[in-house]
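Rule-based calculations on the coordinates, nothing more; no lab input. Quick caveat, the model's predicted, so the values are computed rather than measured. Note that we place each Cβ from the backbone using ideal geometry, even for glycine, and neighbour counts take in every protein chain shown.
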Amino acid sequence: MDASSERTNLASNITGLKQHSRNALFFIFSFWLLNQVAYLFEVSEGISIFYPPSGFAMLLIYLFGAKYLPVYLVAIILGGLPQRDVFNYSLEMLNPDLRQFFIYGTAGIALGHLNPEKQTLSAKFYYTLILIFIITALLSSAVFVMSSNSMESTLSAQWREQVPLFFVGNLTGALTALPLFIFFLYFKSHGCKTTKLTLYRDILKPDKLIAFLIIITLSFLVVSLGKFSENYSSYYYLILIPIIWTAVKWGLGIGLMYAFIGNLFTLSFYVLFGYSYHGMLEVQLIFAMSIISTVLIGLVHEQKDIFYEKSIYDELTGLANMRLFKSLSASMIANAERNNETVALLFVDIDGFKTINDTFGHKAGDQALERIGKLLKNSLRDADFVARYGGDEFIIQLNGGISEKDAEVVASSIIKTISKPFHFDNGSATIGASIGISVYPKDGTDVDTLISKADKAMYAAKKSGKNCFRLFRQQPRHYAGRHL
C-alpha cells in the first residue's frame with residue numbers, strides 16, 4: 001500500500017470515528033432528555049405513564065446499527081441522572097436496565113433486518129413498527145412482573161393496578177417517540193437550513209397555526225371539564241377530532257406532530273391541575289389510539305399521494321410521464337393560442353444507448369437514463385418542461401413565444417451536453433442524440449399532431465447520420481462541437 005492510500009484510509013477512519021462519537025453523544029443526550037420528560041409523569045417508583053426513551057432508543061439502534069448497543073447501555077445507566085444514584089449502582093438497579101437494554105435493543109436490530117433499506121416512508125415500515133412497539137411493551141411488562149413479584153404465585157392488588165399502567169405507558173411512550181424520530185431523520189438528511197425553511201414554509205402557515213391553537217385550547221378545556229366533573233377521560237375523546245382531521249388533511253408528518261403536541265399538552269395540563277390516577281389507563285389508551293389512528297390515516301393519505309405521483313411521473317428519472325406531459329402541453333398550447341405565440345416540441349432519441357445496456361448492463365443503462373433526465377431538465381428554462389416518452393426517448397416542450405431559431409439553439413445545446421462521456425464503475429461510453437422539432441401552429445395545433453411530426457423529424461435526423469437535429473420538412477443539421 002502506498003503512502004497516499006494510507007493517508008486516505010487514515011482520514012476515512014478519523015472521519016468515521018468523529019461521526020460515531022457525534023452519534024453516540026446524541027444518543028446519550030436524547031435518551032437522558034426523554035428520561036427527564038418521563039420522570040414528570042412518574043406515578044410510582046419505576047413506573048411512568050409516559051415513557052418515550054426506550055422507543056426512541058430502539059429506533060436509533062435501527063438507524064445506526066448494532067454497534068451502538070454499548071452506547072445504548074451507557075445511555076440507560078446515565079439516563080437516570082440526577083434522580084438515580086448511579087454512583088452506588090446495585091443489582092436492584094441493573095435488572096430493569098438489562099430488561100430495557102435487551103428487549104428494545106433486540107427490537108431495533110430486528111427492525112433493521114425487516115427493513116434493511118431504511119425505507120421509512122413505506123407503509124410496511126410503519127405497520128411493522130406498530131407491531132414491534134406492542135410486542136416490546138408486552139414483553140417489557142411481562143419481565144417487569146416476573147422480576148417484581150418475588151416468589152408469590154399470584155399478583156398482588158398493587159401489581160394488578162400497576163402492570164396495565166406500565167404496559168400502556170411503555171406503548172404510549174414508544175408511539176410518541178415516532179414523530180420525534182421522523183423529525184430527527186428529516187433534520188439529519190436535510191440539514192438545519194432546509195429544516196428551518198420547511199418549518200417556515202409548511203408548518204407556520206395560518207391554517208396550520210389555527211389548527212395548533214385549536215388543539216392546545218381543546219387540551220386545556222378537556223382537562224378543565226374533567227377536573228370539574230371528575231370524569232376527565234371521557235372528555236379526552238374530544239381531542240381525537242382535530243388530531244385525526246390534521247392527518248386526513250395534511251398527511252402523516254403533520255398528523256403525527258399534532259398528535260404528539262395535543263396529547264403531551266393534555267397530559268401536562270392534567271399534571272399541572274393536580275390529578276388522581278383514577279381513569280389514567282383509559283387516558284393512556286386514548287393517547288395510544290390517537291397516535292395509531294394518525295399513522296393509519298396518514299399512511300392512506302401518503303400512499304394516495306405516492307400512487308398519484310407514480311401515475312404522472314416516470315419512476316426511474318422523476319420526469320413527467322406522457323399523461324402529465326399531454327395535460328401540461330394542451331394547457332400551454334391553449335395559452336399560446338390566446339397570446340398569439342409559438343410553441344416548439346423536441347423529440348429526443350438517445351443514440352448508442354443500446355451499447356451501454358449490452359456492454360455495462362441494465363443497471364448502468366438506468367443510471368445513464370437518470371443522468372440524461374437531469375441533463376435535459378437542467379438545459380431548460382422554468383417555462384419549459386420535459387417528459388420521458390418511453391425507453392430512451394424524451395420529449396420537450398419550449399413555451400413562451402419560442403422561435404424556430406431558439407428551438408435549434410436548445411437542440412444543439414442538448415446534443416453537445418449529452419455527447420460528453422458517461423462514466424460507470426466498469427468503464428465509460430459516449431452517446432449522442434437525434435432530435436426532431438415541430439412548431440405550433442405551423443406544424444400542428446394539438447399536442448398529438450406536434451408529437452407525431454417531431455417524431456418523424458427525429459427519424460429523418462437519425463437516418464441522416466445521427467447526433468443531429470431536424471426541423472419538420474427541413475434538412476438535418478449536424479452537431480459540429482458548437483452551437484449551430
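Observations
- Helix 91-114 and the longest principal axis of the C-alpha atoms of the chain enclose an angle of approximately 20°.
- Using θ = phi - 60° in the Karplus curve 6.51 cos²θ - 1.76 cosθ + 1.60, the 3J(HN,Hα) couplings for region 430-439 round to 10, 10, x, 8, 10, 10, x, 10, 10, 10 Hz; x is entered for Gly and Pro.
- Over region 345-393, all Cα pairs binned in 10 Å intervals from 0 give whole-percent P(r) values of 24, 53, 20, 4, listed from short to long.
- Compared with the dominant principal axis of the Cα atoms in the chain, helix 362-378 is inclined by about 80°.
- Acute angle (nearest 10 degrees) that the helix 447-463 long axis makes with the longest principal axis of the chain, alpha-carbon atoms: 60
- Dipole in debye (nearest 20) - region 322-478, about Cα centre, beta carbon charges: Lys, Arg +1; Asp, Glu -1: 260
- Calculated P(r) of region 322-478 - Cα pairs past 27 Å, %: 20
- Restraint check, LYS249/LYS326; LYS193/LYS249; LYS67/LYS124; LYS374/LYS420; LYS377/LYS416, Cα-Cα greater than 20 Å: LYS249/LYS326; LYS193/LYS249; LYS67/LYS124
- Sorted largest first, extent of the chain alpha carbons per principal axis (Å): 95, 66, 36
- Remark on TYR313: its backbone amide H falls under 5 Å from those of ASN321, a criterion applied only to residues 5 or more positions apart or on other chains, H modelled at 1.01 Å from N.
- Burial ranking of peptide ranges 122-130, 175-183, 386-394, 325-333 (average Cβ count within 10 Å, highest at the top): 175-183, 386-394, 325-333, 122-130
- Sequence-ordered 3J(HN,Hα) estimates for region 282-295 from the Karplus curve with 6.51, -1.76 and 1.60 and θ = phi - 60° stand at 5, 4, 4, 5, 5, 4, 5, 4, 5, 5, 5, 4, 4, 4 Hz, glycine and proline given as x.
- From least to most packed, judged by other beta carbons within 10 angstrom and beginning with the fewest, THR172, THR359 follow the order THR359, THR172.
- Ordering LEU33, VAL348, PHE167 by Cα displacement along the dipole of the chain toward the positive end leaves VAL348 in first place; charges were set at the Cβ atoms of Lys, Arg (+1) and Asp, Glu (-1).
- For TYR186, the shell of other residues with beta-carbons less than 12 Å away shows a net charge of +1, using +1 for Lys and Arg and -1 for Asp and Glu.
- Karplus (6.51, -1.76, 1.60) ³J(HN,Hα), θ = phi - 60°, over region 392-398, in Hz, Gly and Pro reported as x: 10, 10, 10, 9, 10, 10, 9
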